[in-house]
Amino acid sequence: MHSDSREWVAEIKTLARQRKAIILAHNYEPPEIQDIADLCGDSLELSRQAARTDAEVIVFCGVHFMAETASILSPEKRVLLPRPDAGCPMADMITAEALTAKMASLPPMPVITYVNSPAEVKALSTVCCTSANVVKVVNSRPEDELLLTPDRNLAMYAASQSTKKIHLWDGFCPIHESLTTEDVNRVRADHPEAVFLAHPECRPEILRMADVVASTSGMLRHVAAAKERAFIIGTEQGLIHPLQKANPDKRFYSASNKLICKDMKKIGLADVHRCLKDMDNEVKVPEHIRRPALKAVEQMIALG
Ligand code: 13P
Ligand code: SF4
């Protein structure tokens, strides 16, 4: 065990070089994990990078569905998830069996599935989406009626930005769902000058209060270009680290102290070190699921 995180960092860098590994981290990961990563980003950027890299090993610092997506895109690479128990409660709110039953109960229509979902569900879907491209994906379909799974809040947001009829799945992110109008009013009263940014996983009434609705990377881009100096962040608190790092002269306030995803905080430097040393916790999607899931993910990536 190292008491000094600098020793972990040095050893992780050496091991990553030896293993020809790239370290990817989601914007919600703890600061020390984001700081050691070769690339940080939102779900869409990380899947694109996973597809593009010529590294032999991908250490995915995020949650299980993200590592699965990387494995779907890069079956020849070893995808390691430093903590196998880092899951996503929203992704657990849908199964292939339940989706099959829902599809049978509706007239034939395309199924758009948020990447926060199991590989088996992607395999049954027409196309995937992320919070960064959901509106683009919905509007790219020629059909007037669609089923969007598993996030009902993301689906309601997409419906508000489109003329299409969107059927919902009753899933949600418990972290974003916990944000209330009272929370936002309280922080706004303390910081009336601040711009309020909300993630589309928040409830509709929160999105109606927001000055800007964006994915995590959308928020990073918006803040970098903004002339305002203060921002209320309506998403998981991990995003405040890259926001503050890139904008040291601006101020950031979390919309609520409930906005912490336990799963995104599981990975520590010791986990990254151990998984690179032992090459364990590989995430691999079986070929009969991977092939149809890849079609849905590639259709999304092809939209740009
Ligand atoms: P994005 O980074 O794609 O906005 O995703 C948010 C999220 O909840 C990932 O789990
Ligand atoms: Fe899942 Fe929400 Fe955590 Fe993202 S923040 S991993 S959607 S539980």
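Quick notes on this one:
- Among the residues making up the range 186-205, those that are out of contact with any strand residue (DSSP E or B) (no Cβ under 9 Å at 6 or more places or on another chain) and under 22 Å from Ala226 (Cβ atoms) are Ala189, Pro192.
- Set side by side, the residues Asp263, Asp211 differ, and just one is under 17 Å from Leu46 (Cβ atoms) and surrounded by fewer than 21 Cβ atoms within 10 Å (Cβ to Cβ), which is Asp263.
- Pair list, Cβ < 7 Å and 6+ apart or interchain, from the range 35-46 residues that are over 22 Å from Ser117 (Cβ atoms) and small (Gly, Ala, Ser) to residues that are within 16 Å of ligand 2 (Cβ to nearest atom) and not in a loop (DSSP other than H, G, I, E, B): Ala37/Leu24; Ala37/Ala25; Ala37/Cys61
- Qualifying positions in the range 167-208 - closer than 24 Å to Leu99 by Cβ, surrounded by 21 or more Cβ atoms within 10 Å (Cβ to Cβ) and away from ligand 1 (no atom under 14 Å from the Cβ): Trp169
- Residue within the range 208-227 that is over 18 Å from the mean Cα position of the chain (by Cα), in a strand (DSSP E or B) and among the basic types (Lys, Arg) present: no
- Out of Lys258, Lys245, Lys277, sole residue that is loosely packed, with under 14 Cβ neighbours inside 10 Å and either touching a helix residue (DSSP H, G or I) at 6+ places or on another chain (Cβ under 8 Å) or part of a loop (DSSP other than H, G, I, E, B) (or both): Lys277
- Any pair with Cβ under 9 angstrom, 6 or more apart, that starts in the range 170-197 at a residue that is within 11 Å of ligand 2 (Cβ to nearest atom) and ends at one that is among the hydroxyl-bearing types (Ser, Thr, Tyr) and part of a strand (DSSP E or B): Gly171/Tyr114; Gly171/Thr149
- Ala158 vs. criteria more than 24 Å from Lys262 (Cβ to Cβ), of a type outside the set (Ser, Thr, Tyr) and crowded, with 23+ Cβ neighbours inside 10 Å: yes
- Failed criterion for Met219 (all others in (1) touching a Cys at 6+ places or on another chain (Cβ under 7 Å); (2) of a type in the set (A, V, I, L, M, F, W, C); (3) within 12 Å of ligand 1 (Cβ to nearest atom) hold): (1)
Only the coordinates and a few stated rules stand behind these numbers; no lab work does. Since we're looking at a predicted model, the values are computed, not measured. All Cβ positions, glycine included, derive from the backbone under ideal geometry; neighbour counts span all protein chains shown.
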